[in-house]
Amino acid sequence: MSALVQTSQKPAYVAPVQSFSKRRVIAFIAMVFGMFMAILDIQIVSASLAEIQAGLSASLEEISWVQTAYLVAEVVMIPLSGFLSRAFSTRVVFVASAAGFTIASLLCAFSGSIGEMIFWRAVQGFIGGGMIPTVFSAAFSIFPREKQSIVTPVIGLVATLAPTIGPTLGGLLTDAFSWHWLFLVNVPPGIAVCLICWAMIDFDEPELSLLKGFDWTGLAGMGVFLGALEYVLEEGPGKGWFDSEVIMIAAAISTLGGLVFFWRAFTVANPIVDLTAFKDRNFWTGSLFSLTLGVGLYGLTYLYPVYLARVRGYSALMIGNTMFVTGICSFLSAPIVGRLSTKIDPRLMIGLGFIGFAAGTFQASYVTKDWDFYELLLPQILRGVGLMFCIVPITSIALGTLPPQKLKNASGLFNLTRNLGGAIGLALINTLLNDRTDLHLARLHESLSWGHTKAEETLANLTQAYATLGSDAELAALKRMALLARRESLVMALGDVFFVLTIAFFLLVPLVFIMRRPRPFGSNAGH
C-alpha cells in the first residue's frame, strides 16, 4: 500500500477556481440540509412501519411499499437531475425539488389510505432525488480546490450519517408524537431551504437550448429500466426471485428498458444521461467503489437491526440507540479525514477504509445469540470510521478531477451507483440470509432427530417448566425448541453473511492501484 504514496501519475484535469463568497457558502449549507432530508427519508420510516400499517389499515405486503415506492422513484430521478440542472440551472432544479419534497411530505402526513401514502411517497422520492446529486456537483464547481478538504467531508458525512440515524430519529418521533411527524418534521426546514436557496444560489445559468430535441424515448427507457430493476431487487428475495412470475415480468421489462436507454445514450446527439464520464479511469473506479460502499452503508444498516430485533428482542428505539454508535464515529472522524486528505494519498485512505470495513464485518462474523451493545461496539466503530475514510476520498477522486461541463451528469451517475449498490446489496443479503438460515435449520433438525443428549435434556427441562399446562406441556416445549433452533439458525446465517461481506470488501482493496493519483488538495498548480 505504501507504494501508492510514491506513485507518480500524470495529474488529472483540475477545474478552475470559481468566484467564492459567503453568499455561496450560505447557499451551499442550505443545499446540504436539503440533501440531508432527502437521504434521511429513505430510512426514517423503517422503524415505524408497524405504526403506519396500523394507522392506515394496511396489509403486510402493502406497508413495505411505503419504503419501496420512495426508493424506486428516487433512483429514476438521480441520473436525470444532471440534465435538468444543465437545462434549467441549479437554482431552479434544487428549489423545485426542495419545494416538491416538502409538499409531498405534508401530503404523506395527511394520507388517509395506504394507496395515498404510497403515491405521495413515490412523489416525495422522485422529486427529492433531484437534491442529492445537485449538492455533490455544486461542491466541486463553486469551491476552489484548496477548500475541498473541508467541503467533501461535510457532504460525505451527510450521505453516511442520514441513513444511519434515520431509524433512531423515526423511532423517537413516533414514540413522542405519532407516525405523522415522520413527514411533518420536513415542512419547516423544507420551507427555509427553499427560501434561502432561491435567494442565494447563483452558481450557473440555464441552457434552455438543451430542451430542443429532448430525448423522451431515452427518458422512458431509463425510467422503465431503473424503476423495474429497483422493484426486482427490492421484491426478489421475498418472492423467490424467478420462481415468481411477477419478478420475471419485471426483469424482462427492465431489460427492455435498459436496451432502449443505452441505445439512445450512445446514438442521439443530446442524450438524457451522458455516459462519457465512464471513460475516465478515476470516475469508473470511483463509481465501483461507491457501488460497494452502498452495500456497506445500507446493507449493514439492515443487518444489525435484524439481529437486534429478531435475536435480542430489542424495540425500535433500543435498536436506534445501539446503531447510533456508527453515526457518532462518522461525525467525530469527519474532521480528521478532512485533515488527512491534505496530507496523504487518498487512494491509501480508500484502502484503509475498506480494510476497516472488512475488519468490522470479520469480527461480526463470530456473532452469537448473547452479543449485546459492547460486543457490537468495535464492529460499529470500524464501520463508522471506515465509512468516512472511504466516501470522502472516493468522492474527491471520482468527481474532483472531472472537467466542469461533466460534473452535473457525473454527479447523478455517481450517486446512482451508491443507491444501486444498496439495493443490490440488500437483495443479495436477504437471499443469502434466507438460504443459509434454511440450510442451518435443516442441519440442526437432522442432528436433533437422531437423538442428542443436550437436546433431550433441554426438552425435558422445558417440559417441566411448562408443567402447569398439563397435557399441553410437551407440545409447548417442542414449539419452544423449534423457536430456539430457528434463532440459532438465524445467528449462524448472520455470521455467514458478515463473512461474505468481509471477503467482498477485502477483494476490492487492490482496485485502488488502478486509480490515478489526483493533485493534492493544497496544490494551486494549473489553476
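The values are calculated or read from the model by the stated rules, or taken from the named source; none is laboratory data. Predicted, not measured: the structure shown is a model, and the values here were computed from it. Neighbour counts are summed over all protein chains in view; Cβ atoms, including those assigned to glycine, are modelled from backbone coordinates with ideal geometry. Ligands, DNA and RNA are excluded from the accessible area calculation, which covers all protein heavy atoms including side chains. Shrake-Rupley method; radii C 1.70, N 1.55, O 1.52, S 1.80 Å.
Provide the solvent-accessible area of Arg310, counting protein heavy atoms only and rolling a 1.4 Å probe, rounded to the nearest 10 Å².
150 Å²
Of Lys22/Lys343; Lys239/Lys408; Lys212/Lys239, which ones are farther than 32 Å apart at the Cα? Please report the intermediate quantities before stating the final value.
Details: Lys22/Lys343 27 Å; Lys239/Lys408 37 Å; Lys212/Lys239 43 Å.
Going by Cα-Cα distance, Lys239/Lys408; Lys212/Lys239 fall outside the 32 Å limit.
Select one label from [x] 30.3; [y] 26.8; [z] 24.9: the one whose number is mean projected area of the Cα convex hull in nm² as derived from the coordinates shown.
This structure yields the entry labelled [y].
How much of the accessible area of the chain, in percent, comes from carbon and sulfur atoms when a 1.4 Å probe is used?
Working: 14790 of 22090 Å².
Solvent-exposed carbon and sulfur of the chain make up 67 percent of the total.
Which value does Rg/Rh take for region 122-240 over its C-alpha atoms, Rh per Kirkwood? Provide the component values of the computation, followed by the final result.
Working: Rg = 18.7 Å, Rh = 18.3 Å.
Rg divided by Rh gives 1.02.
For a Förster distance of 35 Å, can you work out the FRET efficiency between the beta-carbons of Phe266 and Ser178, rounded to the nearest 0.05? Write down the numbers at each step before the final one.
On the way: r = 50 Å, r/R0 = 1.43.
Rounded to the nearest 0.05, the efficiency is 0.10.
Starting from the 7 Å offset along Cα-to-Cβ, what nm value, one decimal, do you get for the label separation of Lys343 and Val92?
Result for the modelled spin labels: 4.6 nm.
Mind putting a number on the dipole of the chain about its Cα centre? Charges go on the C-beta only, +1 for Lys and Arg and -1 for Asp and Glu, and I need it in Debye to the nearest 20.
2120 debye
Kindly express, to the nearest 10 degrees and within the range 0 to 90, the angle between helix 346-364's C-alpha long axis and the longest C-alpha principal axis of the chain.
That helix lies at roughly 10 degrees to the long axis.
Once every DSSP H run of n ≥ 4 in the chain is given -39500 (n - 2.57) and the sum is divided by its residues, what mean residue ellipticity at 222 nm do you get, rounded to the nearest 500 deg cm²/dmol? Before the final figure, lay out the partial values.
Numbers: 21 runs with 394 residues, N = 527.
Taken over the chain, the calculation gives -25500 deg cm²/dmol.
Grab the beta carbon distance between Ser209 and Ala50, set R0 = 41 Å, and tell me the FRET efficiency rounded to 0.05.
Values: r = 51 Å, r/R0 = 1.24.
Once the sixth-power term is evaluated, E becomes 0.20.
What angle do you read, to the nearest 10 degrees and between 0 and 90, between the alpha-carbon axis of helix 316-340 and the longest principal axis of the chain?
That works out to roughly 40 degrees.
Among Gly223, Phe499, Ala138, which residue has its Cα positioned farthest towards the positive end of the charge dipole of the chain, with +1 placed on the Cβ of Lys and Arg, -1 on the Cβ of Asp and Glu, and the dipole taken about the Cα centre?
Farthest towards the positive pole: Ala138.
In degrees between 0 and 90, to the nearest 10, how far off the longest principal axis of the chain does helix 473-508 point, with axes built from Cα atoms?
30 degrees
Relative to the present Cα-Cα distance, how much length would full extension add between Phe242 and Met318 at 0.36 nm per residue of separation? It would help to have the intermediate numbers written out before the result.
On the way: separation 76, 0.36 × 76 = 27.36 nm, distance 3.65 nm.
Taking Phe242 through Met318 to full extension adds about 23.7 nm, to one decimal.
Roughly speaking, what is the stretch gain from Ser113 to Arg486, that is 0.36 nm per residue apart minus the C-alpha to C-alpha distance, in nm to one decimal? Write down the numbers at each step before the final one.
Values: separation 373, 0.36 × 373 = 134.28 nm, distance 3.54 nm.
Separation in residues times 0.36 nm, less the Cα-Cα distance, equals 130.7 nm.
Compute the FRET efficiency between Tyr366 and Thr431 as 1/(1 + (r/R0)^6), taking r as their Cβ-Cβ distance and R0 = 30 Å, and round to the nearest 0.05. Could you put the intermediate results ahead of the total?
Details: r = 23 Å, r/R0 = 0.75.
The calculated FRET efficiency here is 0.85.
At 7 Å along the Cα-to-beta-carbon direction for both Val187 and Leu439, put a label point, then send me their distance in nm to one decimal.
Once both label points are built, they end up 5.1 nm from each other.
Once the whole set of protein chains is in place, how much accessible area is left on Glu235, using a 1.4 Å probe, in Å² to the nearest 10?
Rounded to the nearest 10, the figure is 20 Å².
Excluding ligands and nucleic acids, what accessible area in Å² is computed for Val185 using a 1.4 Å probe, to the nearest 10?
Roll a 1.4 Å probe over it and Val185 shows about 50 Å².
Please give the peptides 64-72, 434-442 ranked by average Cβ packing (other Cβ atoms within 10 Å per residue), highest first, as a rough proxy for protection.
On the way: 64-72: 22.2, 434-442: 15.8.
So the peptides 64-72, 434-442, ranked by packing, come out 64-72, 434-442.
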